[in-house]
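*Asks:* The structure that follows is given in the form of structure tokens.
The values are calculated or read from the model by the stated rules, or taken from the named source; none is laboratory data. Computed from a prediction, not measured in an experiment: that's the story for all the values here. Counting neighbours? That spans all protein chains shown, and the Cβs are built from the backbone with ideal geometry, glycine included.
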Amino acid sequence: MNGVIQLAYFGVAVVFILGLKAMSSPVTARKGIVWAGYAMIAATLITFYTPGMQNYGLMITAIVLGGGVAWWSGRVVKMTDMPQMVAIYNGMGGGAAAAIAALEFARGGAHGVTATTLAVLGALIGSVAFSGSCIAFAKLQGIMTKAWRLPQQNLVNIVLAAVAVLLGLAIIVTETPPSAIVIAFFVVALALGVILTSPIGGADMPVVISLLNAFTGLAVGFEGYVLGNPALIVAGIVVGASGTLLTQLMAKAMNRPIKNVIFTPITGAAAGGGEAIEGSMKELSALDAASVMRYASKVVIVPGYGMAVAGAQHKVWEMAQLLEEGGVEVLFAIHPVAGRMPGHMNVLLAEAGVPYDKIFDMEEINSDFPQVDVALVIGANDVVNPVARTDKSSPIYGMPILNVDMAQNVIVVKRGQGAGYSGIENALFFRDNCRMLYGSAQQIIGEVITHVKALEV
Ligand code: NAP
């Protein structure tokens with residue numbers, strides 16, 4: 001029986017990995033999510049048949065509660081609130097791993113040194129992921145508005161980490177650890193998560209969420225070993241590895257080494273006051289925007305977080321199709337960290353029906369901008385800010401950007417003078433070739449559509 005169960009766990013682990021692999025392409029991403037979901041359901045069902053399993057009532061209650069809340073939140077949470085939902089669910093995973101370890105400590109060192117060591121590691125990493133993710137959630141949800149930093153913050157982090165490791169060692173060497181040590185260990189580990197995450201804000205937040213996600217995966221993998229559950233081990237390691245890769249990709253796309261994300265957070269203001277920005281913002285009307293684009297040869301649309309907030313992707317695609325019918329070549333340029341999570345813009349454009357061959361990554365399209373008649377920036381800001389190329393004192397200096405400022409004409413759709421996620425002013429908006437089209441993206445693109453249609457007559 002045990003062999004069959006292990007084989008079944010192995011099978012679902014393979015399906016789970018294939019599901020994750022399929023998520024790497026927008027074309028197969030939906031299928032991938034479904035496969036991974038079925039694999040998780042199958043793993044849960046297999047647990048029911050595991051010999052020695054008795055707590056069916058408790059298991060069913062947990063599944064109904066957890067599944068119910070996830071089902072409800074998946075349906076009601078807005079696309080733009082996904083990052084905080086990911087943060088809090090990720091925290092739950094870390095917290096669950098830490099809770100498993102707490103139970104194992106309460107049982108005493110029945111499993112031997114290796115298992116207890118892994119339980120301690122899982123508990124430490126899981127607790128940091130739990131409390132850190134709660135802080136990330138509070139920040140993204142606007143519950144916690146200020147990023148606070150302790151004096152000697154990095155020293156405090158090191159001391160807390162050292163104390164947690166010492167308490168963890170005490171748990172490992174003690175056959176049955178006194179509850180005071182276990183409680184102190186968890187308090188310090190949870191405090192470490194809070195203090196590590198509190199100063200981080202602005203554009204670094206999604207990177208931190210991904211890093212905490214990797215932590216959760218590792219913690220779950222360790223606790224899987226403690227429980228002798230191969231599905232947990234595989235799922236934990238896969239999540240840990242993919243979270244680590246994602247963190248690295250995001251950090252690379254922003255040109256921010258992970259150590260800077262954690263130890264030197266972006267504060268919003270340029271360190272030395274920043275380059276003085278010359279010029280003024282110049283407005284244009286929806287009618288003028290429609291004319292400029294209707295009579296252009298090539299228009300490149302650059303979507304950003306504002307398009308997601310406004311839910312304007314369908315209108316944007318409708319406008320693009322109208323322009324194409326008039327003989328204009330229309331392409332889409334995606335920055336790897338546009339929006340609030342990797343692939344955010346790809347998902348929205350795919351949802352609106354934009355064909356994949358019209359969507360280009362930054363490296364593919366960046367050199368084309370000097371030949372582009374109109375770059376239409378819709379609710380993007382940081383990812384098109386030229387100070388990232390020029391101002392060494394800027395917090396986003398070095399982040400690769402879409403070179404829209406090199407286009408012949410730039411039209412920027414946004415509601416007002418609001419800054420981007422990093423909180424800094426955008427030099428693009430003051431350039432001579434740039435015009436501002438003020439309004440919420442869905443409404444203002446709707447107006448542009450009306451004018452483009454009128455121009456056709
Ligand atoms: P952004 O810098 O956050 O700027 C969004 C702009 O949209 C704002 O300037 C805002 O200006 C405008 N806006 C908001 N609501 C709008 C609406 N209803 N209609 C029209 N415009 C609206 O966005 P981004 O250029 O996409 O940059 C993403 C940021 O997230 C970067 O700083 C990036 O580093 C960070 N980040 C993302 C990821 C990721 O995985 N995607 C990961 C790490 C970090 P108004 O308020 O004036 O309208």
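*Asks:* Name the residues in region 425-448 that are assigned to a loop (DSSP other than H, G, I, E, B) and near the ligand (Cβ under 9 Å from one of its atoms), would you? Step through it out loud before you land on a result.
*Replies:* The initial filter retains those residues of region 425-448 that are assigned to a loop (DSSP other than H, G, I, E, B), namely 425-426, 431-433, 439-440.
Hits for region 425-448 are ASN426, GLY439, SER440.
*Asks:* A follow-up question, please. Away from the ligand (no atom under 16 Å from the Cβ), over 30 Å from MET23 (Cβ atoms) and surrounded by fewer than 24 Cβ atoms within 10 Å (Cβ to Cβ): is that true of LYS392 in this structure? If you could, list the steps in order and put the result at the bottom.
*Replies:* On the way: away from the ligand (no atom under 16 Å from the Cβ): yes; over 30 Å from MET23 (Cβ atoms): yes; surrounded by fewer than 24 Cβ atoms within 10 Å (Cβ to Cβ): yes.
Against the criterion (away from the ligand (no atom under 16 Å from the Cβ), over 30 Å from MET23 (Cβ atoms) and surrounded by fewer than 24 Cβ atoms within 10 Å (Cβ to Cβ)), LYS392 qualifies.
*Asks:* Please go through region 352-382 and pick out each residue that is away from the ligand (no atom under 16 Å from the Cβ), part of a helix (DSSP H, G or I) and free of Cβ contacts under 8 Å to residues at least 40 places away in the same chain.
*Replies:* The answer is ASP357, LYS358, GLU363, GLU364, SER367, PRO370.
*Asks:* Grab the helices (runs of 4 or more DSSP H) fully contained in region 1-110, keeping just those with 1 or more residues being under 31 Å from the mean Cα position of the chain (by Cα) and over 26 Å from GLY193 (Cβ atoms). Reasoning before the result, please.
*Replies:* Numbers: elements: 2-22, 29-49, 56-76, 82-107.
Because the criterion is at least 1 residues that are under 31 Å from the mean Cα position of the chain (by Cα) and over 26 Å from GLY193 (Cβ atoms), the helices (runs of 4 or more DSSP H) in region 1-110 that meet it are 2-22, 29-49, 56-76.
*Asks:* Can you tell me which of TYR421, TYR438 is among the aromatic types (Phe, Trp, Tyr), modelled with pLDDT of 95 or more and surrounded by fewer than 24 Cβ atoms within 10 Å (Cβ to Cβ)? Can you show your working first?
*Replies:* Details: TYR421 fails: modelled with pLDDT of 95 or more.
Of TYR421, TYR438, the one residue that is among the aromatic types (Phe, Trp, Tyr), modelled with pLDDT of 95 or more and surrounded by fewer than 24 Cβ atoms within 10 Å (Cβ to Cβ) is TYR438.
*Asks:* Hey, any hits in region 20-40 for a residue that's in contact (Cβ under 8 Å) with a residue 40 or more places away in the chain, over 30 Å from LYS139 (Cβ atoms) and surrounded by 16 or more Cβ atoms within 10 Å (Cβ to Cβ)?
*Replies:* No, there is no match, as no residue in region 20-40 is in contact (Cβ under 8 Å) with a residue 40 or more places away in the chain, over 30 Å from LYS139 (Cβ atoms) and surrounded by 16 or more Cβ atoms within 10 Å (Cβ to Cβ).
*Asks:* Starting from region 336-351, keep only residues that are over 18 Å from ASN381 (Cβ atoms), then list their pairs with residues that are away from the ligand (no atom under 11 Å from the Cβ) and β-branched (Val, Ile, Thr) whose Cβ atoms are within a distance under 7 Å, requiring at least 6 positions of separation or different chains.
*Replies:* ASN346/ILE359; LEU349/ILE359
*Asks:* Same structure again: I'd like to check something: does region 295-315 contain any residue that is within 12 Å of the ligand (Cβ to nearest atom), over 24 Å from the mean Cα position of the chain (by Cα) and crowded, with 21+ Cβ neighbours inside 10 Å?
*Replies:* The answer is yes, given that some residue of region 295-315 is within 12 Å of the ligand (Cβ to nearest atom), over 24 Å from the mean Cα position of the chain (by Cα) and crowded, with 21+ Cβ neighbours inside 10 Å.
*Asks:* Any residue at all in region 265-281 that's within 15 Å of the ligand (Cβ to nearest atom) and under 30 Å from ALA99 (Cβ atoms)?
*Replies:* Checking region 265-281: at least one residue is within 15 Å of the ligand (Cβ to nearest atom) and under 30 Å from ALA99 (Cβ atoms).
*Asks:* Now for a separate question. Given the conditions (1) buried (at least 16 other Cβ atoms within 10 Å of the Cβ); (2) more than 25 Å from VAL187 (Cβ to Cβ); (3) free of Cβ contacts under 8 Å to residues at least 40 places away in the same chain, which single one is not true for ALA138?
*Replies:* Looking at each condition in turn, ALA138 falls short on (2).
*Asks:* Take the residues in region 407-424 that are small (Gly, Ala, Ser) and over 17 Å from ALA333 (Cβ atoms); name whichever of them is nearest to the ligand (Cβ to nearest atom). I'd like the intermediate steps shown before the answer.
*Replies:* Within region 407-424, the first condition is being small (Gly, Ala, Ser), and the residues that meet it are 407, 416, 418-420, 422-423.
From what's left, over 17 Å from ALA333 (Cβ atoms): 416, 418-419, 422-423.
On the way: GLY416: 4, GLY418: 2, ALA419: 6, SER422: 5, GLY423: 9 Å.
Filtering first and then ranking leaves GLY418.
*Asks:* With touching a residue at least 12 places away in the same chain (Cβ under 8 Å) and over 17 Å from LEU169 (Cβ atoms) as the only criterion, which of ALA62, ALA98 stands out? I'd like the intermediate steps shown before the answer.
*Replies:* Values: ALA62 fails: touching a residue at least 12 places away in the same chain (Cβ under 8 Å).
Of the residues listed, the single one that is touching a residue at least 12 places away in the same chain (Cβ under 8 Å) and over 17 Å from LEU169 (Cβ atoms) is ALA98.
*Asks:* Give the number of residues within region 336-351 that are near the ligand (Cβ under 7 Å from one of its atoms) and either small (Gly, Ala, Ser) or not in a helix (DSSP H, G or I) (or both).
*Replies:* First, pick out the residues of region 336-351 that are near the ligand (Cβ under 7 Å from one of its atoms): 337-342, 344.
Applying the additional criterion that residues be either small (Gly, Ala, Ser) or not in a helix (DSSP H, G or I) (or both) yields 337-342.
Residues meeting the conditions: 6.
*Asks:* Then there's this: Check whether at least one residue in region 215-237 is of a type outside the set (Gly, Ala, Ser), within 16 Å of the ligand (Cβ to nearest atom) and surrounded by 24 or more Cβ atoms within 10 Å (Cβ to Cβ), and report yes or no. Give the derivation first.
*Replies:* So in region 215-237, the residues of a type outside the set (Gly, Ala, Ser) come out as 215-216, 218, 220, 222-223, 225-227, 229-230, 232-234, 237.
Now restrict to residues that are within 16 Å of the ligand (Cβ to nearest atom): none.
No - not one qualifying residue is present in region 215-237.
*Asks:* Anything in region 141-156 that is touching a residue at least 40 places away in the same chain (Cβ under 8 Å) and either touching a strand residue (DSSP E or B) at 6+ places or on another chain (Cβ under 7 Å) or part of a helix (DSSP H, G or I) (or both)? List them, or say none.
*Replies:* Hits for region 141-156 are GLN153, ASN154.
*Asks:* Follow-up. Every residue in region 280-290 that is surrounded by fewer than 17 Cβ atoms within 10 Å (Cβ to Cβ) and either in a helix (DSSP H, G or I) or among the basic types (Lys, Arg) (or both), please.
*Replies:* Those that are surrounded by fewer than 17 Cβ atoms within 10 Å (Cβ to Cβ) and either in a helix (DSSP H, G or I) or among the basic types (Lys, Arg) (or both): LYS282, LEU287, ASP288.
*Asks:* Follow-up question, since we're still on this one. For the structure I just gave you, tell me whether ALA320 is assigned to a helix (DSSP H, G or I) and buried (at least 17 other Cβ atoms within 10 Å of the Cβ). Spell out how you get there, then give the answer.
*Replies:* Numbers: assigned to a helix (DSSP H, G or I): yes; buried (at least 17 other Cβ atoms within 10 Å of the Cβ): yes.
Here the answer is yes, as ALA320 does meet what is asked.
*Asks:* May I pose another question? With the structure loaded, tell me whether MET319 is hydrophobic (A, V, I, L, M, F, W, C), within 11 Å of the ligand (Cβ to nearest atom) and farther than 30 Å from GLY217 by Cα or whether it fails that test.
*Replies:* Numbers: hydrophobic (A, V, I, L, M, F, W, C): yes; within 11 Å of the ligand (Cβ to nearest atom): no; farther than 30 Å from GLY217 by Cα: yes.
Against the criterion (hydrophobic (A, V, I, L, M, F, W, C), within 11 Å of the ligand (Cβ to nearest atom) and farther than 30 Å from GLY217 by Cα), MET319 does not qualify.
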